[in-house]
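A quick write-up on the structure given underneath.
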Amino acid sequence: MKRVLMLSAALALSSAVQAGALDDCMRTEAQTPAVSVCLQQRLSKAEAELTQSENRASAAMRELDHITGNRYRARLALSQSKRAFKTYLDKQCRWVASSYASGNGADQAQAACRADLIEQRLSQLAAHAGH
C-alpha cells in the first residue's frame, strides 16, 4: 500500500510539472501541430535564457572565487550543479515521455517537461542571485 501511495505521488508530481507549458500551449492553440510549435518555441526561449543565466552565474562565481582566493570553489560547485541538473532534466523528461508509451503525446510531454524544468531552474538561479 505504501508503494502504491508513493507511486501515485510521483505520478501526480510529474503531471504537475507538465501542467505549465503543455496546458498553456493547449489553451492557446487548437491544433496538435500548433501545440507542438508552441512547445518548441517555449523550450527554445527557456534554453536560451538558461544559457544566459548560467553564464551570469558563472561570472559571479568566478568573481567570488577571486575575492575569496578560491577557498569555496563556488564556480566548481556551480559547474557540478549545472551537470547534475542536465542529467536530471534528461532522465526525468525521458521518463515522462516513456510514460506515454508509444502515444502521440510523448514528444509534446517531453518538450513540456523540459520547458517547465528549465523554467524552474531559471527561477532558482534568479532567486539565488538575489540572496
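Tabulated values for the structure
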| read-out | value |
| --- | --- |
| Two-site FRET efficiency, S99 against H128, from Cβ-Cβ distance with R₀ of 25 Å, rounded to 0.05 | 0.20 |
| Radius of gyration, Dmax [the stretch 12-102; alpha carbons; angstrom] | 17.7, 56 |
| Exposure proxy ranking, count of Cβ atoms within 10 Å, fewest first, for D116, D24 | D24, D116 |
| Phi-based couplings in Hz for the stretch 26-38 (Karplus 6.51, -1.76, 1.60; Gly and Pro marked x) | 5, 6, 8, 10, 8, 9, 4, x, 5, 5, 4, 5, 4 |
| Neighbour cut-off at most 13 other Cβ (10 Å), DSSP loop, trypsin sites (Lys or Arg not before Pro), the stretch 49-83 | R71 |
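Read the figures in this text as sums done on the coordinates, not as results from a lab. Since we're looking at a predicted model, the values are computed, not measured. All Cβ positions, glycine included, derive from the backbone under ideal geometry; neighbour counts span all protein chains shown.
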